[in-house]
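The values are calculated or read from the model by the stated rules, or taken from the named source; none is laboratory data. Keep in mind that what you see is a predicted model, and the values were worked out from it rather than measured. Here the Cβ positions follow ideal geometry from the backbone for every residue, glycine too, while neighbour counts run over all protein chains shown. Just so you know, the surface numbers come from the protein's heavy atoms only, side chains and all, with ligands and any DNA or RNA stripped out. Shrake-Rupley method; radii C 1.70, N 1.55, O 1.52, S 1.80 Å.
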Amino acid sequence: MDDIQVVESKPLLVDRELPGLREAVLQLVIKETDVETPYGRIHCTMKGLPKGDRPVILTFHDIGLNQKTCWSTLFNHEDMSEIMQHFAVCHVDAPGQQEGANTFSTGYEYPSMDQLSEILPLVLKQFGLKSVVGMGIGAGAYILTRFALDYPDMVEGLLLININPCAEGWMDWAAHKISGWTNAMPDMIISHLFGKEEIHNNHDLIGTYRHHVTNDMNQFNLHLFVKSYESRRDLEIERPIPGGIFKTLKCHSLLVVGDSSPAVEAVVECNTKLDPTKTTLLKMSDCGGMPQVDQPAKLTEAFKYFIQGMGYMPSASMTRLVRSRTASGSSVTSFEGNRSRSHTSEGNRSRSHTNEGNRSRSQTAENQRGRSHTGGSMDGTANSKVDQAVPKSTEVSC
């Protein structure tokens, strides 16, 4: 195991001489470590020091990326600094995907998605961590979800971007095979990471990541990672039914997808398979396949709310995000500065949506949440009981 201590953690001055300096210095502590696993060494980067019993933010990237190209824009954003004061972050690179990675030997068998999730307890053990808040995108989101299903006591929450809970279908498999015959690996990666609109219009962004995939990634190792993701199996999760036996996430989850992302359908389907009382679906407008790069401020603000919902950072500053609930029980996020965050009554929440205007505002908030998304009447006793038995998930747009 190789440890690289990038910044000395010893404070330069005591807090009474310069208040807050110790915390600022500790945030800069960066420790790079290669963790030994049954599948070889896994490169991890710990930023900051764990804060007492608080979980650590654990990230996992998508195919064609590593922890730097995937998360640097988000975690270097000024709005993320407040979160970094409260949480340490552990970035995990998939085997052979980090910068300067050596090429695997010809006989190396790359771990499956399930096996990659099995290495995460070893990462936690290496750093002495008890629990995490996972943050993943694409393949990384799948791996973290599998980890949370198998080790629920280690995961307090998940932020999942572009999560696809399903195995690759025959049509997808055939399309990828044909695409593999006609297109180079970078083109396949770009079409996975970005939507068609981005590819056609945002030439600078696409050019940057195409250059990264082509020149900075080990092509042999990347091919193995892509093949592993394409061979994933179905997560086999299902929405819980009262009194039934089901398999789903036990932690709170925030699903995120850009409105022009190629993963919209997959994320929406995943939302239908999770516990609606613990899941929020965030659809980001004017955003493509990588919200953490395209809209880091919005994503950071949403993450703050998510953390607050878990009981952390109660006094965090909120400058952009305003939540309002519809009568049907789903939430909408607005970034309009002229809306007051003091509007917490259900009446104000329902009036934030013009299409809810014709619904009766005389109903209580709880009864409104039980209403069917199809607009079913509350007059029918049977329908009312069904609606109350199956709560609606929170849907957010911004």
**Complete:** Checked 66, 76 against criteria (crowded, with 21+ Cβ neighbours inside 10 Å, farther than 21 Å from residue 156 by Cβ and out of contact with any helix residue (DSSP H, G or I) (no Cβ under 7 Å at 6 or more places or on another chain)); the one match is 66
**Complete:** All-but-one check, residue 268 against (1) part of a loop (DSSP other than H, G, I, E, B); (2) aliphatic (A, V, I, L, M); (3) modelled with pLDDT of 95 or more, failing number (1)
**Message:** If residue 116 meets every condition in (1) on the phi > 0 side of the Ramachandran plot; (2) touching a residue at least 24 places away in the same chain (Cβ under 8 Å) apart from one, which number is that one?
**Reply:** (1)
**Prompt:** Looking only at residues in the stretch 115-129 that are outside any loop (DSSP other than H, G, I, E, B) and among the hydrophobic types (A, V, I, L, M, F, W, C), which one is most open to solvent (accessible area, probe 1.4 Å)?
**Reply:** 122
**Asked** Considering only helices (runs of 4 or more DSSP H) fully contained in the stretch 138-208, which possess at least 1 residues that are buried (at least 19 other Cβ atoms within 10 Å of the Cβ), more than 13 Å from the chain's Cα centre (by Cα) and modelled with pLDDT of 95 or more?
**Response** 139-150, 185-193, 196-201
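Search the stretch 94-111 for residues being surrounded by fewer than 18 Cβ atoms within 10 Å (Cβ to Cβ) and touching a helix residue (DSSP H, G or I) at 6+ places or on another chain (Cβ under 7 Å), and hand back the single one that is modelled with the lowest pLDDT.
Of all residues in the stretch 94-111, those surrounded by fewer than 18 Cβ atoms within 10 Å (Cβ to Cβ) come to 99-100, 102-109.
Those left that are additionally touching a helix residue (DSSP H, G or I) at 6+ places or on another chain (Cβ under 7 Å): 99, 103-104.
Details: 99: 93, 103: 96, 104: 96.
Filtering first and then ranking leaves 99.
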**Message:** Please count how many residues of the stretch 64-98 are touching a Leu at 6+ places or on another chain (Cβ under 8 Å) and assigned to a helix (DSSP H, G or I).
**Reply:** 2
**Request:** Would you point out which residue out of 246, 220 is surrounded by fewer than 19 Cβ atoms within 10 Å (Cβ to Cβ), touching a residue at least 12 places away in the same chain (Cβ under 8 Å) and aromatic (Phe, Trp, Tyr)?
**Result:** 220
**Prompt:** Taking the stretch 271-314 as the search range and keeping residues that are open to solvent by less than 10 Å² (accessible area, probe 1.4 Å) and part of a loop (DSSP other than H, G, I, E, B), which one is nearest to residue 52 (Cα to Cα)?
**Reply:** 313
